[in-house]
Structures are given as C-alpha cells and as structure tokens.
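Novice: Take this structure, written in structure tokens, and hold onto it; I'll ask about it next.
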Amino acid sequence: QVQLVESGGGLVQPGGSLTLSCAASESIRSLRAMGWYRQAPGNQRELVATITSGGATNYADSVKGRFTISRDNAKNTVYLQMNSLKPEDTAVYYCNAVAFIYNTQFWGQGTQVTVSS
C-alpha cells in the first residue's frame, strides 16, 4: 500500500504560480508512473499530468506550456509546477501512483487550489 501526501495548495491570484508536492511512502522508482489529477465542483476527475518511471511526461491540453511535472527519486516526491494560473484551474488536485503489479492505483487525499482575485 503506497501512501501519498500532497502539499502546496492554496489561494493564488490569476497569473500567479504554485508548486504542489506529493511525497510517497516508498521508493517512486518502484512505481510505473505518477501523476496529478484534479476535480472541480460538479465535474469529473480529470488528468492534469503524468510522469513515468522512465521520465516520460504527458499533459492535458489545457495545461500544456503552463504546468510542469517533475520527480525527485531521492526524495520520493513528485512535483507539479503551475504557472500562469487561471480561475478555471481551481479544483482539488490529487496525486496518483500506478504500481507495476496489476497497474494498481493509489491516491492521495487531495489539496485545494483556488485561483481568484
């Protein structure tokens, strides 16, 4: 069972930046991929960005060029750098991990990001 703990959410003005962190309870080298998803009120949870164990990244079209996902294997932590934030980025952001075995998925508890003036 992989425990994921997110941090870094908060209130930011449009055009601002935030960095989310996701600390895993075990070596992230042992995981197939990690990623960030978000869910706004009344909406389904959607993919934001993923990064594989090999370092390949994937982004939702809505965040390309503004968000960057990265990983620090030594700290067992994945980051989401968010720039040029827009009100429509407001959501609860969830960290996700996918294991090699059975592609089992694990989720963090979520962190709120609010973009508002």
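Novice: When only residues in the stretch 69-93 that are polar (S, T, N, Q) and under 25 Å from N103 (Cβ atoms) count, which is surrounded by the fewest Cβ atoms within 10 Å (Cβ to Cβ)?
Specialist: N73
Novice: Here is a follow-up. Taking only the stretch 39-63 into account, find how many residues are open to solvent by 30 Å² or more (accessible area, probe 1.4 Å) and touching a Leu at 6+ places or on another chain (Cβ under 7 Å).
Specialist: So the count comes out to 1.
Novice: For the condition at negative phi, assigned to a loop (DSSP other than H, G, I, E, B) and of a type outside the set (F, W, Y), what is the one hit in L80, L85?
Specialist: None of the others qualify; the one that does is L85.
Novice: Sort out which residues of the stretch 94-117 are outside any strand (DSSP E or B) and either among the β-branched types (V, I, T) or surrounded by 14 or more Cβ atoms within 10 Å (Cβ to Cβ) (or both), and write them in order of number.
Specialist: Of everything in the stretch 94-117, those that are outside any strand (DSSP E or B) and either among the β-branched types (V, I, T) or surrounded by 14 or more Cβ atoms within 10 Å (Cβ to Cβ) (or both) turn out to be I101, T104, G108, G110.
Novice: What's the number of the condition W36 fails, among (1) part of a strand (DSSP E or B); (2) under 19 Å from V2 (Cα atoms); (3) open to solvent by 30 Å² or more (accessible area, probe 1.4 Å)?
Specialist: (3)
The values are calculated or read from the model by the stated rules, or taken from the named source; none is laboratory data. Please read all numbers here as calculations on a predicted model, not as lab measurements. A quick note on method: Cβ atoms are made from the backbone with ideal geometry, for glycine too, and the neighbour counts reach across all protein chains shown. Protein only, heavy atoms only, side chains kept; ligands, DNA and RNA dropped before computing areas. Shrake-Rupley method; radii C 1.70, N 1.55, O 1.52, S 1.80 Å.
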